[in-house]
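> Okay, handing you the structure first.
The values are calculated or read from the model by the stated rules, or taken from the named source; none is laboratory data. Note that the structure is a prediction, hence the values are computed from the model and not measured. Every residue, glycine among them, receives a Cβ derived from its backbone with ideal geometry; neighbour counts consider all protein chains shown. Just so you know, the surface numbers come from the protein's heavy atoms only, side chains and all, with ligands and any DNA or RNA stripped out. Shrake-Rupley method; radii C 1.70, N 1.55, O 1.52, S 1.80 Å.
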Amino acid sequence: MTPTDIARVQTYLRRLLGSDRIRIVPPARKGLSVEVAVEDEVIGTLHQDHDEGETSYSVHLTILEEDLPPAPKEPTKRR
C-alpha cells in the first residue's frame, strides 16, 4: 500500500467516524501489516484488495477479552 493510499483511507475513516484520533500506521518494514490505531492504541489492521480492476480496503478490528468491561452479573432467580 502506498503512502497516498494510506493517507486517503485515513482521511476517509476520520471523516466517516468523526474523529481525528484515528491513525493509519504504515508497517515498520515490508511484509508487516498496516495498522489502524486510535491515538496510541492499535485496534486492527488495514488490507487492500484488487479484484476485477477495482480496489477495495477492509479493516479488521481486534478486541481482546482483557480490554472489555466486566460482564454484567446475571440476575438471580427467585423461587
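> Does Arg8 qualify as being farther than 18 Å from Asp67 by Cβ, out of contact with any Lys or Arg (no Cβ under 9 Å at 6 or more places or on another chain), open to solvent by 60 Å² or more (accessible area, probe 1.4 Å) and at pLDDT 95 or above?
When the stated conditions are applied, Arg8 passes them.
> While we're on this one: Is it the case, given these coordinates, that Ala71 is aliphatic (A, V, I, L, M) and touching a strand residue (DSSP E or B) at 6+ places or on another chain (Cβ under 6 Å)?
no
> Right, something else. Could you tell me whether the range 22-35 includes any residue that is at pLDDT 95 or above and open to solvent by 80 Å² or more (accessible area, probe 1.4 Å)?
Yes, the range 22-35 contains a residue that is at pLDDT 95 or above and open to solvent by 80 Å² or more (accessible area, probe 1.4 Å).
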